[in-house]
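Following: one structure in structure tokens, then a few remarks.
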Amino acid sequence: ADKILIVDDDPAICKLLEKVMHSNELETTTVNCGMDALSILKNHTFDLILMDIQMPIMNGYEAAAKIRRIDDRKKADIPIIALTANAFSEDKDNAIKAGMNDHVPKPIDMNVLLPAMQKLITGK
């Protein structure tokens, strides 16, 4: 099964994402800040990262930029989808600049998120 790293500081969103991922036969690991995402990547790898933007300590843009600089290329290249409450085009630009692959606005529409994930995981 594909492994998904969920990075979000909102427990309700984490629960929702876990439930949807599990029902789509995806394995999940959930952390609630960018720092934790970076530390878990030291010992684990994932097929895709779902990254909230607005988090305390280290936001999603900073975390994504740091992931892109990991020495292990396989980890540095993991596809990242930004999850953000702001659906403005500037956010999308910031997400892409930070090295993210795609951007899905909150509230999350699974009919948008799941196809975006599939495309990044399978390349189709």
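The values are calculated or read from the model by the stated rules, or taken from the named source; none is laboratory data. Remember, predicted model here, so these are calculated numbers, not experimental data. Cβ placement follows ideal geometry from the backbone for every residue including glycine, while neighbour counts extend to all protein chains displayed. Areas reflect the complete protein model, heavy atoms only, side chains present, ligands, DNA and RNA absent. Shrake-Rupley method; radii C 1.70, N 1.55, O 1.52, S 1.80 Å.
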State whether the residues of the stretch 6-25 include one that is in contact with a Lys or Arg (Cβ under 9 Å, 6 or more places away or on another chain) and either under 14 Å from residue 117 (Cα atoms) or surrounded by fewer than 14 Cβ atoms within 10 Å (Cβ to Cβ) (or both). no
So residue 89 fits all but one of (1) open to solvent by less than 70 Å² (accessible area, probe 1.4 Å); (2) at pLDDT below 90; what number is the exception? (1)
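Before we move on, is residue 12 hydrophobic (A, V, I, L, M, F, W, C), over 21 Å from residue 61 (Cα atoms) and not in a helix (DSSP H, G or I)? Working first, answer last.
Numbers: hydrophobic (A, V, I, L, M, F, W, C): yes; over 21 Å from residue 61 (Cα atoms): yes; not in a helix (DSSP H, G or I): no.
Considered against the rule, which asks whether it is hydrophobic (A, V, I, L, M, F, W, C), over 21 Å from residue 61 (Cα atoms) and not in a helix (DSSP H, G or I), residue 12 comes out as no.
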Flag for residue 124 being in a loop (DSSP other than H, G, I, E, B) and modelled with pLDDT under 95: yes
Just give me the residues in the stretch 94-113 being out of contact with any Leu (no Cβ under 9 Å at 6 or more places or on another chain), within 22 Å of residue 21 (Cα to Cα) and open to solvent by 40 Å² or more (accessible area, probe 1.4 Å), in sequence order. 107, 109, 111, 112
Under 8 Å by Cβ, and 6 or more places apart or on different chains, what pairs join a residue from the stretch 57-81 that is free of Cβ contacts under 8 Å to residues at least 60 places away in the same chain and of a type in the set (Gly, Ala, Ser) with one that is outside any helix (DSSP H, G or I) and exposed (fewer than 15 other Cβ atoms within 10 Å of the Cβ)? 76/69
